[in-house]
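Step one of this worksheet: look at the structure below.
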Amino acid sequence: MQGDGRALDPTSERSPLPEALARPPRGKVLLVVPHPDDDVLGAGGTVALHVEQGDPVHVLVAYGGLEGDPDKRYAPDEYRALRQREARAGGKHLGLESYEFWSYPEGHLPAPEQLLEAARRLARRIRELGVDTIYAPWVGEYHVDHHVLARVVRLAIAHADFRGAAWGYEVWTPLVPTRVVDTSRMHARKLAALREHASQLAYRDILEKGLALSAQRAMYLAPETRHGEAFRPLGEPFGRDRELLAR
C-alpha cells in the first residue's frame, strides 16, 4: 500500500478516496429524479455548475409526488400541479429550465413488466436527448421510489446502449462516494431552491436534514470548502433485472 492511501490492499474493507472535482466534466446532462425536490437535494449544486459552464441540462421527474400530501389537503390533480410549479420555481434558482414530468404512481414495487415498460420509455428519451452524462438515485437508496428508479435507469441505459457516464447520487441513504464535486458556491442557491418546496417543508425539514450530508462531503475537498455532492457509478442491472434485458 502506498503512503498516500490511494492504492489499497484489495482485501481491505477501507473505503477508497474519492476523486475531488471543482466542477463536473462538460457535456449534455439528463438528471433523472424520483420526486420534485429530489433534483435539488441529490445533485442540485452539480447541475447548477453544469449550467454555469454552458452545459444543457434536462430534468425528468418520474413520480407524481402525491404521497407528499399525507393529510390530503389537496385534490390529486391540484397537488400534482402544485409540486410541478414548486419544481420549476426551485429549478430557476439553479438555472434549470427544461423539465418533464411523467407522474407515475409511487410507494410500491412495480411488477417486472412495469419496470421494463418504464425502462424502454426512458431509453427512448436517452437516445432522443443525446446526453453525455446521466444522474439518477443510487441503487442503495432505502426509499422505495428512489431504489426502483435507480433500477429503471440501469435497465434503460442498457437498452439504449448508452456510452456516456451514469452517476448515482444520494438523497435519503448515504453512499460510499467515488467522486465528490465542490458545490460550495452553489449552496445558497440550493437553499433558495428548496425553500420553493413549501408543500414539503410543511412536513419535513429538508433545509437542514436534507442538506446535512453536503457539509460532510466537504471533508474530501480542500480545507476552505464548505459543501460537496457525492456520487458513485450507477452500475448495471443485477439479479432478476438482468434477466429482463433478454425480453
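Where a number appears in this text, it was derived from the coordinates with a stated rule and is not lab data. Everything numeric here is computed off the predicted structure, so don't read it as measured data. A quick note on method: Cβ atoms are made from the backbone with ideal geometry, for glycine too, and the neighbour counts reach across all protein chains shown.
Pairs of Cα atoms nearer than 8 Å and 6+ residues apart set the relative contact order; for the range 25-244 it is 26 percent. Our coupling estimate for the range 22-27, obtained by passing each phi through the Karplus curve with A = 6.51, B = -1.76, C = 1.60 and θ = phi - 60°, is 7, 7, x, x, 6, x Hz, Gly and Pro reported as x. Applying the criteria of a DSSP loop state and at most 11 other Cβ atoms within 10 Å to the trypsin sites (Lys or Arg not before Pro) of the range 122-224 yields Arg163, Lys209. Among Glu52, Glu86, Glu13, the residue with the largest mean-square fluctuation in a Gaussian network model of the chain, with springs joining Cα atoms closer than 10 Å, is Glu13.
Listed by chain and number, the aspartates and glutamates placed with their C-alpha closer than 17 angstrom to that of Lys28 are Asp39, Glu52, Asp55, Glu97, Glu100, Glu128, Asp132, Asp161; residues fewer than eight positions away on the same chain are left out.
Counted residue by residue at 0.36 nm each, then reduced by the alpha carbon distance between them, the extension gain from Ala246 to Tyr74 reaches 57.7 nm. Cross-link reach is defined here as a Cα-Cα straight distance under 25 Å, omitting same-chain residues fewer than 8 places apart; for Lys209 the lysines meeting it are Lys72, Lys92, Lys190. Extending 7 Å from the Cα toward the beta-carbon at both Arg23 and Arg124 defines two label points whose distance is 3.6 nm.
Shape summary: the chain maps onto an equivalent ellipsoid whose semi-axes, from the alpha-carbon gyration tensor, are 27, 24, 17 Å in decreasing order.
Computed FRET efficiency, Cβ-Cβ of Leu207 and Thr173, R0 30 Å: what is it to the nearest 0.05? Rounded to the nearest 0.05, the efficiency is 0.95.
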